[in-house]
Amino acid sequence: MTAENTTTGATLLRQVVPPEKRELTELHVHLGGSVPIYRLWEMGIARGIRGVAHSYEDFIRLLHRSSENTGDLDHYLEIFDIIELIQAGPSAVQESILIALNGAYRTGGMTRLGPGGEGGDPEPIFTISRLELRFNPMKRTGVLFSRGEPSGLFDVDRIIRAACEAAEESEIAYRGGIRTGFLFCFGRDMSWEVNRTLAEKVRYWKKSQKKILGVDLAGPESAMTLSNPAELEQMAELFDIAAGDDLGRTVHVGETPHVNLDTFIATIKALKPHRVAHPVVAARSFWEQNDARGLELLAERDICCELCVKSNILTKAIADAAEYGRFIRTLDEFGIRYTFSTDSPALQLTTLANELEFLLQHAAVTPEQLLRAFSTAEQATFIKG
Ligand SMILES: [Zn+2]
């Protein structure tokens, strides 16, 4: 479903969201995927970046994550290095955060967007008033890691400090109407040396910066499966250095066939996350091999699942709306908590409202399941207070 398919006013979601629930919490949004395409284009022009696309229309076609240019996680992720370059450096990171927060507050509850992601719905159903943003500061230093050079043009300390300042400034501007904080992502596609530098930066800055909420592991599972116990141990050490006992922990794991159930279980045990993103392998192993170990582990440890509907369908982690419904019912069957997020709303030309509307229209979720997920997001957020 695209944003253009829905009409303002008569949505199922509008009937489901009660008047007292007009402020929602969203937990899983990447900074690289939450600056609208039209704003990335403007930032590129302002910064004198060339060679990204021949025209604005080409730029939209290139960046918009649709069923035509995705199909698996590796393809879904392949344009993020362009965005990371546009967002590189303290001032661009700061600008991106302001845009992402304003966008979530203003357009998160809209069911209509313009072609470049402009808000176009005069009657949003809700606002996102608490937003966790995640990004990799090392990938904002102006380096293309895919070309193997580990040191960046920009200073990562300045980037982290600028990000925290942007978050605080937005909260002041909104007079408490929006609250935010960051999860810093280790990269499955980064060298151990660079990941270790990130761990040490997080450990240093979390002492003074309250906006640092937690850590995550992201990037293509094909690049680092962590099926090797020595590598998993190394990643666990980095999580301990960065997060210790005082930050939140989440991890992208089990989204693709590159990670099997045994590796999924080992990863959860080693990295000790409070939440997990897209744990599809746990459900699929149960459906296809009647192996419930992954689901039982999630239930036993009360790990909250971060589900991102459209992105899971674009990467073919989940086939379609019907299978999404089955996924949600399976989690309920095992008493596992879950929340709904957009992952990269700007690049998917979607909003949280659109994703939820999609589930309702296809009867993949019931109103009760949706309302429970809203409350779960409030309980599971790493934003305190
Ligand atoms: Zn994600």
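The values are calculated or read from the model by the stated rules, or taken from the named source; none is laboratory data. Since we're looking at a predicted model, the values are computed, not measured. Here the Cβ positions follow ideal geometry from the backbone for every residue, glycine too, while neighbour counts run over all protein chains shown.
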- When you go through L314, L261 one by one, which is the residue that is surrounded by 23 or more Cβ atoms within 10 Å (Cβ to Cβ), over 22 Å from P367 (Cα atoms) and either modelled with pLDDT of 95 or more or out of contact with any Cys (no Cβ under 8 Å at 6 or more places or on another chain) (or both)? L314
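For segment 246-364, give me every one of the helices (runs of 4 or more DSSP H) that falls completely inside it and has 3 or more residues that are within 16 Å of the ligand (Cβ to nearest atom) and among the aromatic types (F, W, Y). Step through it out loud before you land on a result.
Numbers: elements: 261-271, 280-289, 293-300, 309-314, 321-333, 352-361.
Counting at least 3 such residues, we get no helices (runs of 4 or more DSSP H) at all.
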- Mind listing whichever residues of segment 203-220 are within 21 Å of L271 (Cβ to Cβ) and small (G, A, S)? G214, A218, G219
- Looking only at residues in segment 236-249 that are among the hydrophobic types (A, V, I, L, M, F, W, C) and touching a Lys or Arg at 6+ places or on another chain (Cβ under 7 Å), which one is surrounded by the most Cβ atoms within 10 Å (Cβ to Cβ)? A243
- Collect the residues in segment 217-235 that are surrounded by fewer than 16 Cβ atoms within 10 Å (Cβ to Cβ) and touching a Lys or Arg at 6+ places or on another chain (Cβ under 8 Å), keeping them in residue-number order. A223
- Using beta carbons and a limit of 7 Å, which pairs, at least six apart or on different chains, have the first residue in segment 250-272 and in contact (Cβ under 8 Å) with a residue 60 or more places away in the chain and the second one away from the ligand (no atom under 12 Å from the Cβ) and part of a strand (DSSP E or B)? T250/G214
- Among (1) crowded, with 24+ Cβ neighbours inside 10 Å; (2) farther than 22 Å from Y324 by Cβ, which single condition is H252 missing? (2)
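Quick check on this structure: which one of D332, D343 is in contact (Cβ under 8 Å) with a residue 12 or more places away in the chain, at positive phi and of a type in the set (D, E)?
Numbers: D332 fails: at positive phi.
Of the residues listed, the single one that is in contact (Cβ under 8 Å) with a residue 12 or more places away in the chain, at positive phi and of a type in the set (D, E) is D343.
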- Task: Residue by residue through segment 199-231, note down the ones that are within 15 Å of I159 (Cα to Cα) and either touching a strand residue (DSSP E or B) at 6+ places or on another chain (Cβ under 7 Å) or within 16 Å of the ligand (Cβ to nearest atom) (or both).
- Result: V202, W205, K206, K211, I212
